Amino acid sequence: MTTEIRYLRLYLHTPAGKQPIGYLSQYGDILRVSFEQSYISNPGRPTLSLSYQARTNAATVELLSAARDVRLVRNDGKWPSYFQNLLPEGHNRERLASQRGCRSDDEFELLAAAGHDLMGGIEVEPMPPDEDIPDAVRNWHTTMGLDVLEPGFVEFPVEDAAALPGVVTKFSAIHDGRRYVVKRHGAAGSYILKLPSTRHPDLVANEYMGYQLCQALGLHCAQATVISRDEAELPEVVQFDNILAVKRFDRREDGTRIHMEEFTQVLGYEPRHKYGKGLHKDYSDVLRVLNEFSGNSALDVQEFVRRFVTFILMGNTDAHLKNWALTYPDGVTPQLSPLYDPVCVTSFFAGVPEADYAINRKIDATVRALTWSDLDALLIESAVPRASRLLQLARQTVKQAQAEWPALLEAAPESVRLAITERLKGGVVIANE
């Protein structure tokens, strides 16, 4: 088999600026990540992902230099899981494929299309014309027994394309004066505009109420506001009056980027496995990561536990591993990201077939029955310090919600108000104990 090989240059934005850290290559169905030797050999290298970090620097060097590690190479036409998680899902993926003129399963082209507006500090683009591809990168394909031809042509990223994870229809925008503009002339977006759907016309009101409820408890939230459709310049006609504008926490005020990664990336899960391996294991894994690696471990563990019980009371059964994230403000050390996507999913259950929202219903059955003893066991398994104090904080959070949420819920959509009120009054076990 002979075919062309195509390359992308991989960059990571850090407080020190935009740094080249490697190459992404495609040869047929083989997609590979090759790291720059200067990045591999730097013990103070900026962090791309905890999934690319081993227990010692020597072990990390070995991982980043590996020939066949699944975190670096796949032969099924898909990116390794870290890069898969940079790509959008659902309608957002179809729109990106249409902008690029490629298939929705062509992961190389999708990543290339949105290369200038990816999540966090990642940026990719075709190889600069004045830069040669290192022999070590090209020779890897040759040593695999492949007949490599000259590099193939790769188009530059689509000017205003973006890869925003998730299935809800959304756009990347900048705030230009009084308007939120999707046509950014190549600039990376600093806001995410989220739209309702015909199935869930109250989605914006639902999520905005979720932010208000979480803020009332003092949780660290992304900044969100409701805007009218007249305040946004969108590339398509929108039939809804309201749009949710969420300020991106991976962008600073001056437009520079803060690196981040979702917990699917941290734990090495593909997007299709975003619901993980079970609530107990997933959340104990997240707690272990925060306790071991976060620069604010004590505060982040406390914040996680408080969010955990808040989501149970709220009926947010979609708090999967793509909706928990780390940020890297200094380029190296992680911390828990602000809270995002706080939706009362259980408000969607009424009046629809039992088969709808099957995963969310299963999760809800589990969290409804969760006891304080169960939470205590999760904390002990994750080996976080002062588990008894964390349990006390969680109980205080429940009492605070029961006291403060009813007044806020008077302004919520009726389905949201009814769903959450039922939970506050004992619909979940932790509200009774």
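Rule-based calculations on the coordinates, nothing more; no lab input. Note that this is a predicted model, so its numbers are computed, not measured. FYI the Cβ positions are ideal-geometry reconstructions off the backbone, even for glycines, and counts take in every protein chain you see.
Starting at the first residue of the range 116-124, write each ³J(HN,Hα) from the Karplus equation 6.51 cos²θ - 1.76 cosθ + 1.60 with θ = phi - 60°, in whole Hz, x for Gly and Pro.
8, 9, 9, 5, x, x, 7, 8, 9
I want to verify the translational diffusion coefficient of the range 320-433 in µm²/s; compute it with Stokes-Einstein, Rh as the Kirkwood radius over Cα pairs, at 10 °C and 1.306 mPa s.
96
Give the long-range amide H neighbours of residue 115: residues separated by 5 or more places, or on another chain, with amide H under 5 Å away, using H modelled in the peptide plane at 1.01 Å from N.
Residues meeting the amide H criterion: 158.
Quick one: of 194/399; 281/425; 18/170; 322/425; 277/322, which pairs are farther than 21 Å apart, Cα to Cα?
194/399; 281/425; 18/170; 322/425, as the Cα separations exceed 21 Å there.
Relative contact order (percent) for the chain, with alpha-carbon contacts under 8 angstrom and 6 or more residues of separation?
Relative contact order, the chain: 15 percent.
Scale the Cα Rg of the range 1-116 by the rule-of-thumb value 2.2 N^0.38 Å and send over the ratio, two decimals.
1.12
Run through the DSSP bridge list for the chain and note the antiparallel percent, rounded to the nearest 5.
Among the beta bridges of the chain, antiparallel pairing accounts for roughly 90 percent.
Going by Cα centres, the range 151-219 and the range 363-392 are how many Å apart?
About 33 Å separates the Cα centre of the range 151-219 from the one of the range 363-392.
Quick one: Karplus J couplings for the range 418-425, per residue in order, coefficients 6.51, -1.76, 1.60, θ = phi - 60°, nearest Hz, x for Gly and Pro?
Calculated HN-Hα couplings, in order: 5, 5, 6, 4, 4, 6, 4, 8 Hz.
Mind jotting down the three principal axis lengths of the chain based on Cα atoms? Whole angstrom, largest first.
If we take the Cα atoms of the chain, the spans are 67, 50, 42 Å.
Taking only DSSP H segments of four or more residues, each worth -39500 (n - 2.57), what value at 222 nm results for the chain once the sum is divided by all its residues, to the nearest 500 deg cm²/dmol? Walk me through the numbers on the way to the answer.
Numbers: 14 runs with 147 residues, N = 433.
When only DSSP H runs of four or more count, the value is -10000 deg cm²/dmol.
Rounded to the nearest 0.05, what FRET efficiency is calculated for residue 38 and residue 296 with R0 set to 41 Å and r the Cβ-Cβ distance?
0.85
Quick check for you: which residues of the range 204-244 have the amide N under 16 Å from the point 7 Å beyond the Cα of residue 407 toward its beta carbon?
Residues passing the 16 Å test: 212-218.
Using 0.36 nm per residue, how much length does the chain from residue 332 to residue 70 gain when fully extended, once their Cα-Cα distance is taken away?
The span from residue 332 to residue 70 would gain 92.0 nm if fully extended.
List the chymotrypsin sites (Phe, Trp or Tyr not before Pro) within the range 158-263 that fall in a DSSP loop (any state other than H, G, I, E or B) and whose Cβ has at most 15 other Cβ atoms within 10 Å. Before the final figure, lay out each step's value.
Values: sites: 171, 180, 191, 208, 211, 240, 249, 263; in loops: 240, 249.
The qualifying sites are 240.
Choose one answer from 58, 161, 67: the residue with the largest mean-square fluctuation in a GNM of the chain with alpha-carbon springs under 10 Å.
58
Mind giving me the FRET efficiency for residue 167 and residue 253? R0 is 25 Å, r the Cβ-Cβ distance, nearest 0.05 is fine.
Values: r = 29 Å, r/R0 = 1.17.
After rounding to 0.05, the efficiency reads 0.30.
Of the listed peptides 363-373, 311-321, 103-113, what is their order by residue-averaged count of other C-beta atoms within 10 Å, with the highest listed first?
311-321, 103-113, 363-373
For the chain, what is the charge dipole size about the Cα centre, in debye to the nearest 20, if Lys and Arg each add +1 at the Cβ and Asp and Glu each add -1 at the Cβ?
Numbers: 46 positive and 57 negative charges, 234 e Å.
So the magnitude is around 1120 debye.
Once amide H atoms are placed 1.01 Å from N in the peptide plane, what residues at a sequence separation of 5 or more from residue 169, or on another chain, have their amide H within under 5 Å of its amide H?
Answer set, sorted by chain and number: 195.
Assuming R0 = 30 Å, what is the FRET efficiency of residue 106 and residue 135, from their Cβ-Cβ distance, to the nearest 0.05?
It comes out at approximately 0.60.
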